[in-house]
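Note sheet for the following structure.
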Amino acid sequence: MKSRLLLLTAAVALGGGVQAQEIPPTKIIADQVRDQGYACNEARDVERDPAYSRPDEPVWILKCDNAAYRVRLVPGTAAKIERLDG
């Protein structure tokens with residue numbers, strides 16, 4: 001799991017996109033959210049949040065069928081997850 005998270009983080013930090021043969025970012029981020037104990041029954045969408053992102057720490061908005069989260073990916077540590085209302 002950590003290797004997939006690091007792969008996504010590195011691809012985003014370097015300005016490259018995730019290639020088609022790689023695991024989709026929605027699945028990677030949803031798996032990380034679930035691994036940290038948050039409910040995400042079915043991941044629907046993920047988009048980068050430019051207002052909260054930093055060059056070396058991308059932030060994503062993950063929309064699940066039962067909740068939405070702001071997820072900051074930090075290499076080498078657990079993601080910082082905030083549940084969003086609405």
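Which fully enclosed strands (runs of 3 or more DSSP E) of region 32-83 have 2 or more residues being among the basic types (Lys, Arg)? Let's see the steps before the verdict.
Details: elements: 43-48, 59-64, 68-72.
It comes to 43-48, 68-72.
Search region 53-79 for residues being surrounded by 15 or more Cβ atoms within 10 Å (Cβ to Cβ) and among the hydroxyl-bearing types (Ser, Thr, Tyr), and hand back the single one that is modelled with the highest pLDDT.
Looking at residues that are surrounded by 15 or more Cβ atoms within 10 Å (Cβ to Cβ) and among the hydroxyl-bearing types (Ser, Thr, Tyr), I get 69.
Which numbered condition trips up residue 28, out of (1) surrounded by 14 or more Cβ atoms within 10 Å (Cβ to Cβ); (2) under 13 Å from residue 84 (Cβ atoms)?
Looking at each condition in turn, residue 28 falls short on (2).
Residues of region 34-44 being surrounded by 11 or more Cβ atoms within 10 Å (Cβ to Cβ) and charged (D, E, K, R), which ones?
34, 35, 44
Scan region 26-53 for residues that are free of Cβ contacts under 8 Å to residues at least 40 places away in the same chain and among the aromatic types (Phe, Trp, Tyr) and jot them down.
52
The values are calculated or read from the model by the stated rules, or taken from the named source; none is laboratory data. Everything numeric in this text was worked out from a predicted model, so none of it was measured. Note that each Cβ is placed from the backbone with ideal geometry, even for glycine, and that neighbours are counted across all protein chains shown.
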